Each structure stands twice: as C-alpha cells, then as structure tokens.
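Student: Below is the structure I would like to discuss, written out as structure tokens.
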Amino acid sequence: MRSMSLSKVNVGIIGCGWISEVHLTSLSQLPEASVIAVSDIVEEKAKQTAIRFGIPRYYKDYVEMLEKEDIDVVDVLVPTSLHAKVVIDCLEMGKHVIVEKPIAASVEEGERIIEAVKRSGKKFTVAHNYRFWPKFAKAKEAIDKGKIGEVKYVMTNHRGWFWWKGAWIRWTLKKPSGGPIVEVGIHPIDLVRWYLGKEIVRIYALAKHVHFGIEVPDLIYMTMEAEDGSLGSVEVCRTIIPRPYPYYHFLQIEGEKGSIQVYDCFDADFVTYNENGVSLREGQLIIPEHGYLQELRYFLRCVIEDKPPLVTAEDATRALELAWKAVESAEKGKPIDVR
C-alpha cells in the first residue's frame, strides 16, 4: 500500500449493481479519489461500468483485482449476503474499506467484521449515509450545540416506492433479508440511536402486508426505548400507492427546551422551535443532498488524515441488531428486550 501522505486515494469498486452508479458518480466529483479498477462476478457488467465511468481496468474476480492493483480503499457494493466475506477478505489483504449498509446479513457476521477490523488496523466504515445528509447532519449539530436541550423523543417516517431494480430489490423482498425493516429501516433506526445518544434497551414493532403479496411486510411501525427512558419511533413503508408517490422523510426531535423538524418534500425543510421563536431555513431539492458525496469524501479524508470514522463497525452492528430485534418483535407480537 502507498504512503497516506498522498492527497489522492486509489479506490477499487467491488460490485457493479445500481448503487455503484450512485457511488461512482459521487467519487468522480471528489479530488481525493482516483477509481482505478472495478470488479463484478458478471464480467460484462464490470466492463460496461468501467467504460461508462472511464475506469482503466475491470475484473471478474475481486481477489485478482486486489492482488494486481495498487488500491488503498475498497468500496464494497455487493449484495448484503456477501458483505462479511468480501469485507473480511479486503481487510485481510491490507485495504481500507467502506461497505454499503447494512454491515452484514446477520449480527454474528457483523461481529466477525468487528474482529477483522481490530486485527487489520485499517480504516473501516459502513455507508449509513443518512448521517451525512445535510439536513439530518444539521439536526445533530443543533442537538450537540444544546439548542433544544436533552433529547427525549425522536420520531421519523420514511415513505416511498421501491423504484430500484436488480438483485438488491429481489433480495429485500425475500424473508431472509429481514425485508424493509432491515434493509431500509436500518437507516432511521441508526438516526434514532444517534440523536438520542443512548443505547436502546427495548423495541416493539408492528408489521403488516398492505399492498401486495410479497414475503415480507411492507408497512412497519417501531417504538424504541433507550436506557434513560427516552423514546424513538419509526414508520417505514416502501410500497406507497401510487408508484409516483415521492421519496419522503419526516423527522421530529423533541428536547427539554425545544424541538426540531426536518422535511424532505416541503418548502420549509428544516425548522427549529424554542422559546426564542422559530428558526426557518428555506427548502431545497433533496436528490442532490442524499449524503453519498459527503460520506465518501469524509471517509477518504479519514484515510488520508488518519482519523477514526464516525460510523464504526460496532455502531453498524448495533443498528443491525436492533433491526433484527424489530423483526422478532413483529413476528412475536410483543416488545423485545435488547441486551
């Protein structure tokens, strides 16, 4: 591996599905990044991705790519069921790694990744990109500055239609994936934990099949209780009718001294209320603000500047554990304690 005194990082991509286009579009805008190779088990897909983004080389076998190329950072974009193996292989080959959420298919696999990160001494993070959406990050900044006092309640809903194509959507609609609770709900679960700043000790979920016959529920409500008694609630529905329904989020954070509201689809997209009145920021389109660019830039700077990433393997595994506890709660119809 090259010296990290350099200002540009060589990046390799593993997995050329739809999310790779999002990551590569972002990486192409970063002066810190030089994508030098891509790989995919479907070689033609790797080839077409390389051509489209002007990447010098492509591979079918990611191990061969890692052996032949002078790669500093690997961006792992394979299906969730393959995360643990690919991530651990990359770490053991001396690479820094960013992997798409969730960290793995199971908590046990997440714990294996935690140990691999410790052994490797390399930088590692999971793409919980919601933490990097400007408006969600702004909410955390307001909390940390004490603008609303100690947080007591976080409510968020995430609605839309599964507009993605390919293997990921097929996996998400299958029972072994955990469905939208795990593959989509993990984002708001992570936000609730982040904003509360406390560990979740109990979770209760209701999940229903609303719109059509798939293996997993498409409407989910979750309530989480933290160790200090503060609460979080999450609504996830990704089969909203009609299909043109906008990709929509709403976030409400209640504190001892005020509250914060964050919107996706309205003119006023960030509002803070306290005794001093209302602070309003004008709305803007959210599509360019999804956080991919910000999280990738942030991780590359962590590698270059030798700083610990915000989202650790432990954070991501905890979020995954909570998501699977929500699945268990929904199936059993009762609250579940979390260790």
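Student: Of the residues Gly197, Gly232, which single one is under 16 Å from Ala319 (Cβ atoms) and surrounded by fewer than 20 Cβ atoms within 10 Å (Cβ to Cβ)?
Tutor: Values: Gly232 fails: surrounded by fewer than 20 Cβ atoms within 10 Å (Cβ to Cβ).
Selected residue: Gly197, the only one of Gly197, Gly232 that is under 16 Å from Ala319 (Cβ atoms) and surrounded by fewer than 20 Cβ atoms within 10 Å (Cβ to Cβ).
Student: How many of the residues in the stretch 251-269 are assigned to a strand (DSSP E or B) and either more than 22 Å from Gly185 (Cα to Cα) or modelled with pLDDT of 85 or more (or both)? Please lay out each step first, then the result.
Tutor: Pass one, the stretch 251-269, residues assigned to a strand (DSSP E or B): 251-255, 258-263, 268-269.
From what is left, the residues that are either more than 22 Å from Gly185 (Cα to Cα) or modelled with pLDDT of 85 or more (or both) are 251-255, 258-262, 268.
Of the residues in that region, 11 qualify.
Student: Still on this model: What tally of residues in the stretch 63-84 results from selecting those that are within 21 Å of Leu296 (Cβ to Cβ) and under 23 Å from the mean Cα position of the chain (by Cα)? Spell out how you get there, then give the answer.
Tutor: Step one: filter the stretch 63-84 for residues within 21 Å of Leu296 (Cβ to Cβ), giving 65-66, 69-80, 82-83.
With under 23 Å from the mean Cα position of the chain (by Cα) added as a condition, the list becomes 72-80, 82-83.
Adding up the residues that qualify gives 11.
Student: How many residues are at pLDDT 90 or above and either part of a helix (DSSP H, G or I) or crowded, with 20+ Cβ neighbours inside 10 Å (or both) when one looks only at the stretch 139-172?
Tutor: Residues of the stretch 139-172 that are at pLDDT 90 or above, as a first pass: 139-156.
Among the residues that remain, those that are also either part of a helix (DSSP H, G or I) or crowded, with 20+ Cβ neighbours inside 10 Å (or both) are: 139-144, 148, 151, 154, 156.
Number of matching residues: 10.
Student: While we're looking at this one, here's another question. If you go through the stretch 90-108 one residue at a time, do you hit one that is in contact (Cβ under 8 Å) with a residue 12 or more places away in the chain, within 28 Å of Ala226 (Cα to Cα), hydroxyl-bearing (Ser, Thr, Tyr) and in the same structural domain as Ile14 (by TED's automatic domain parsing)? Can you show your working first?
Tutor: First pass over the stretch 90-108, keeping only residues in contact (Cβ under 8 Å) with a residue 12 or more places away in the chain: 90-107.
In the following step, the residues that additionally are within 28 Å of Ala226 (Cα to Cα) were identified as 99-107.
Remaining after also requiring hydroxyl-bearing (Ser, Thr, Tyr): 106.
Still in the list and also in the same structural domain as Ile14 (by TED's automatic domain parsing): 106.
Looking through the stretch 90-108, at least one residue is in contact (Cβ under 8 Å) with a residue 12 or more places away in the chain, within 28 Å of Ala226 (Cα to Cα), hydroxyl-bearing (Ser, Thr, Tyr) and in the same structural domain as Ile14 (by TED's automatic domain parsing).
Student: Let me ask something additional. May I ask you to list the residues in the stretch 323-339 that are among the small types (Gly, Ala, Ser) and under 22 Å from the mean Cα position of the chain (by Cα)? First the steps, then the outcome.
Tutor: First pass over the stretch 323-339, keeping only residues among the small types (Gly, Ala, Ser): 323, 326, 329-330, 333.
Answer for the stretch 323-339, where residues must be among the small types (Gly, Ala, Ser) and under 22 Å from the mean Cα position of the chain (by Cα): Ala323, Ala326.
Okay, residues lined up against (1) crowded, with 17+ Cβ neighbours inside 10 Å; (2) touching a residue at least 40 places away in the same chain (Cβ under 8 Å); (3) of a type outside the set (Gly, Ala, Ser):
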| position | (1), (2), (3) |
| --- | --- |
| Trp18 | no, yes, yes |
| Glu21 | no, no, yes |
| Leu24 | yes, no, yes |
| Leu30 | yes, yes, yes |
| Val38 | yes, no, yes |
| Ala46 | yes, no, no |
| Thr49 | yes, no, yes |
| Tyr59 | yes, no, yes |
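Student: Moving on to the next point. Here are Ala116, Ala127: which of them is more than 24 Å from Ile220 (Cβ to Cβ), surrounded by 20 or more Cβ atoms within 10 Å (Cβ to Cβ) and modelled with pLDDT of 95 or more? Working first, answer last.
Tutor: Values: Ala127 fails: more than 24 Å from Ile220 (Cβ to Cβ).
Result: Ala116 is the single residue among Ala116, Ala127 that is more than 24 Å from Ile220 (Cβ to Cβ), surrounded by 20 or more Cβ atoms within 10 Å (Cβ to Cβ) and modelled with pLDDT of 95 or more.
Student: If you go through the stretch 312-325 one residue at a time, do you hit one that is modelled with pLDDT under 95, β-branched (Val, Ile, Thr) and outside any helix (DSSP H, G or I)?
Tutor: The answer is no; no qualifying residue exists.
Student: Using the structure shown, decide if Pro79 is crowded, with 17+ Cβ neighbours inside 10 Å and touching a Leu at 6+ places or on another chain (Cβ under 8 Å).
Tutor: Details: crowded, with 17+ Cβ neighbours inside 10 Å: yes; touching a Leu at 6+ places or on another chain (Cβ under 8 Å): no.
No; evaluated as a whole, the condition is false for this residue.
The values are calculated or read from the model by the stated rules, or taken from the named source; none is laboratory data. Here the structure is a predicted model, which is why all the values come from computation and not from measurement. So basically every Cβ, Gly included, is an ideal-geometry build from the backbone, and we count neighbours across all protein chains shown.
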